[in-house]
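Worksheet for the structure shown next.
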Amino acid sequence: MSRAYTTPDIDQPTSLLGGLTPREFMRDYWQKKPLLIRQAIPGFQPPVTIRDVQTLARREEVESRLITQGDKGWSLKHGPFRGFPPKSQPNWTLLVQSVDLHDDESAALLRQFRFISDARLDDLMISIATDGGGVGPHFDSYDVFLLQGQGRRRWRTSSQPDRGLVPGLPLKILADFRPDADDILEPGDMLYLPPHVCHDGVAIGNDCMTLSIGFRVPSQATLARGLLESAADQLSAQHLGDPGLYGHPCLPGPDLSTLYTDADIPATQHPAALPDQLVRSTLDTLQSIRLDEAVAARFLGQWLTNLPDNALFDPPDEPASLSAGVPAQGRIVLDRCTRLMYSGAQVFINGEVADLAASPALEALADHRSLPADSLRGLAPDVLAMLDEWLQEGWAHWDQA
């Protein structure tokens, strides 16, 4: 059962951020500079064990990698794995992606960072390593919190502008790493790194576990392409009968049904040349194409809530029916895999556009990932019917406690 959740108070100092409030952290550090936080979670106990991580790496639907460094250099293998090197063998690391999709406690840990928009929150990766294990000095193109879960790890970091890589390796390893900070993290310690800060983490001892809370950072090219695809799907839905991925339900848009005309074009001696008038007329249509917040939100809402293939739901045999009557107590709770966002009147869930417009109740469910029975009473029948569909799909669950 997915856990109920309390949204962080952005003006409350928290040990998670070294005594800073989330508002202060976002103002002074986010995407600006690293921050080392001693005992971000005092007495921290990882949500899974080293054995659990290895078990996940054996599963077909879980993305995992095994990285070793030996006499022959670096080696990279992709899971699923049947077995692993012995714990006594140094210099190997096992990385498992998106543990939050497979474990409720890991998902709950990830959501302690929801003072940052869900649009940026990506996944919880867990790495386990033996003495000397790591992935080499490198940089990431995303924000990350590196939380030490077990054992110790030495982190060296650098803000160097030179990010050239060693050619011919299976990993992206910096050719000339020049650290300007050197810290050893104990369980509960955490290091925040903005994109492109160079870093190298090396395990100390044979029981090292590090949890990486990662945040997606889309490129301008990705955003521009998605916006154009969304606009194209709207045009297709309005005029060509094919809604594509982003065209249903169709948003209001311009009438582009007028036929191209070249009534006054002269005869040509170059029939294979594209007519200048056709080129200009095609460009002129762009003035009518709708590129506004609703179209952008349609792309972003569906793209950012779209689930990876390894996000699996477990629908109940007898789901609760809110339409038949809201129970006296309990709450509806989103499944750990479910992604629910809203923008204006649009609501997005797991890559789809919800059938109903946004409302205070749906926004509260998205923000808090749960909604108590008292808040469900009095909702319109169509809203309760939609929630029933989510319960039937396993996208949400009824928590009686």
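Computed from the coordinates by the stated procedures, all read-outs in this text should not be read as laboratory data. The model shown is predicted, which means the values in this text are computed figures rather than measured ones. With ideal geometry, Cβ positions are generated from the backbone for all residues, glycine too; neighbour counts draw on all protein chains shown.
Extension gain, residue 260-residue 293: 0.36 nm per intervening residue step, less the Cα-Cα distance, totals 9.0 nm.
When the alpha-carbon atoms of the chain are used, the pair Rg, Dmax equals 25.4, 84 angstrom. Each residue, residue 352 and residue 221, gets one label point 7 Å from its Cα in the Cβ direction; the gap between the two is 3.3 nm. Across the stretch 255-272, the residues whose backbone nitrogen lies under 15 Å from the label position 7 Å along the beta-carbon direction of residue 284 are 256-266. Full extension of the chain segment joining residue 166 with residue 182 gains 3.5 nm, where the gain is 0.36 nm per residue of separation less the Cα-Cα distance.
For the chain, modelled as a GNM whose springs connect Cα atoms under 10 angstrom apart, the maximal fluctuation among 387, 185, 256 occurs at 256. Spin-label model, residue 329 to residue 272: label points 7 Å out along the Cα-to-beta-carbon direction sit 8.3 nm apart. Here the sum of -39500 (n - 2.57) over DSSP H runs of 4 or more residues, divided by the residues of the chain, equals -6500 deg cm²/dmol at 222 nm, to the nearest 500.
If R0 equals 30 Å, the separation of the Cβ atoms of residue 31 and residue 359 corresponds to a calculated FRET efficiency of about 0.35. In straight-distance terms, cross-link reach from residue 77 covers every one of the lysines whose alpha-carbon lies under 30 Å from its own, apart from those fewer than eight places away in the same chain; here that gives 87, 172.
By the Kirkwood approach, averaging reciprocal distances over each pair of separate Cα atoms, the stretch 222-290 gets a hydrodynamic radius of 14.0 Å. Here the stretch 331-399 has an Rg and Dmax of 10.7, 29 Å, counting Cα atoms alone.
Note on residue 229 and residue 345: the model spin-label points, each 7 Å out from Cα along the C-beta direction, lie 2.6 nm apart. Once the Cα-Cα distance is subtracted from the 0.36 nm per residue extended length, the residue 61 to residue 84 segment shows a gain of 6.5 nm. Of interest is the spacing of the C-alpha centroids, which for the stretch 183-256 and the stretch 113-165 amounts to 17 Å.
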